[in-house]
Amino acid sequence: MSSAKYAFISAYLKGAEAKIVTSDHINRLSKTSNIQEVLEIIKDTDIGRYLEEALIKTFDDSDKYLWEYFGECLERLEWLKLVPADILKVLDTYMVKYDVLNIKASLLGISTGRKVNMIPVGVIYRHGLLDKLSQAEDVDGVIGVLMECKLGAYASILGGYMEEAKSKFLTEAKLDGEYYKNLLKMPKSMPDGSLLAKAFSIIIDMTNLQLINRAIIEGIGSEADEFVISGGYMIPETVARDLLSHKLTDIPGILGGTQYRDIVEEVVASYNRTKSITAVEEVIDKHKFRLLREILSPRVMTPLMIAWYLIVKEVEIKNLRLVLKATFDNIPVEEIKEYLVFS
């Protein structure tokens, strides 16, 4: 029965992947000037059909519908009867990423006194407590929500939270660290579990590389060493901390024995050309997607399929958010293409 379940979910996920927004759609979007034209071009995709029924007048409207669509995609997976237990385990563990984002958003709302948007995905959302989280007036209120959702490890991290900048960033780093620790533990004993763990470790490497490059550019260097996440694939935690003490131009040489040298060389070149900090995320995101595709995309009949599906859908959402924001701001899509990641 297990092989039958994997055959079913393999066909389902590959079919869903065939209905995403592609580079061809993005190329055609370069000629659009309004939201109606955007929706017309992507109407043959799954998300395009979803947005056809939506009432979109502002970017905030489109953003809400994009995240609702993403959440419904995941809910459909959980409703399917022929889904292997390992697939659901990967899905449930991976999606805590959005609980962490929502926790951070809630803390931001508390410190600024402003209402913040939440993403309708994750454990807190499934418990029906996302509104309660968004309305929390203090950290104790956030902790209470987390305890109700059995996210006690994250609640304990908030126990010593203070609104000073250093404490705030360190707390967020600890939340990320707890998430990645659980992500790395999860693949044990799964089919292709070692490859899945490798993919997650590469995500940690890319996250740390982004931190390192940004910290050096922003002039805080070694002050960011407490924010390094452990569990990287080719960059151990000690090496990541050491990299923070070097100049940006030194990093490619230090990474000379790894496949990451070319990535950082591209970061350095892009930053020197543009003098924009966004060059770091732009370059690293593209290479992260490429590295993960090489590991995950070719595999079928294993839990790697769901990891790849989640990554592809996240990239699709991010690309469309950028396209729609540009459209509402009257910026030609052609001008933001360099920020998009193509599958």
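The values are calculated or read from the model by the stated rules, or taken from the named source; none is laboratory data. What you see is a predicted model; the values in this text were computed from it and never measured. Neighbour counts run over all protein chains shown; Cβ positions are idealised from the backbone, glycine included.
What to note about this one:
- Checked against the criterion of being closer than 30 Å to Gly122 by Cα, surrounded by fewer than 15 Cβ atoms within 10 Å (Cβ to Cβ) and outside the structural domain of Lys89 (by TED's automatic domain parsing), the candidates Lys318, Lys325, Lys275 yield just one match: Lys325.
- Members of the stretch 239-262 that are more than 18 Å from Glu218 (Cβ to Cβ) and either hydroxyl-bearing (Ser, Thr, Tyr) or not in a helix (DSSP H, G or I) (or both): Leu255, Gly256, Gly257, Thr258, Gln259, Tyr260
- Criterion violated by Asn213 - all others in (1) touching an Asp or Glu at 6+ places or on another chain (Cβ under 8 Å); (2) among the polar types (S, T, N, Q); (3) crowded, with 18+ Cβ neighbours inside 10 Å satisfied: (1)
- When Glu223 is tested against (1) more than 22 Å from Gly113 (Cα to Cα); (2) of a type in the set (D, E, K, R); (3) under 19 Å from the mean Cα position of the chain (by Cα), just one condition goes unmet, and that condition is (3).
- Restricting attention to the stretch 186-221 and to residues that are without any contact (Cβ under 8 Å) to a residue 12 or more places away in the chain and assigned to a loop (DSSP other than H, G, I, E, B), the residue that is nearest to Tyr271 (Cα to Cα) turns out to be Gly219.
- Any hit, the stretch 228-250, residues being surrounded by 14 or more Cβ atoms within 10 Å (Cβ to Cβ), free of Cβ contacts under 8 Å to residues at least 24 places away in the same chain and closer than 16 Å to Val283 by Cα: no
- Test: Glu281 is under 21 Å from the mean Cα position of the chain (by Cα), surrounded by fewer than 18 Cβ atoms within 10 Å (Cβ to Cβ) and assigned to a helix (DSSP H, G or I): yes
- Of Asp242, Asp262, Asp225, Asp285, all but one fail to be touching a Leu at 6+ places or on another chain (Cβ under 6 Å), acidic (Asp, Glu) and not assigned by TED's automatic domain parsing to the domain that holds Leu175; the exception is Asp225.
- Selected residue (only one of Lys97, Lys81 is charged (D, E, K, R) and within 18 Å of the chain's Cα centre (by Cα)): Lys97
- Scanning the stretch 119-141 for residues that are within 22 Å of Gly71 (Cα to Cα) and assigned to a helix (DSSP H, G or I) returns Val123, Ile124, Tyr125, Arg126, Leu130, Asp131, Lys132, Leu133, Ser134.
- Glu316 being under 27 Å from Lys31 (Cα atoms), modelled with pLDDT under 95 and part of a helix (DSSP H, G or I): no
- Note on the stretch 284-298: among residues that are surrounded by fewer than 18 Cβ atoms within 10 Å (Cβ to Cβ) and farther than 30 Å from Thr249 by Cα, the one that is modelled with the highest pLDDT is Ser297.
- Within the stretch 263-275, at least one residue is in a loop (DSSP other than H, G, I, E, B) and farther than 25 Å from Glu75 by Cα.
- Residue match in the stretch 222-238 (condition: touching a Gly at 6+ places or on another chain (Cβ under 8 Å) and part of a loop (DSSP other than H, G, I, E, B)): yes
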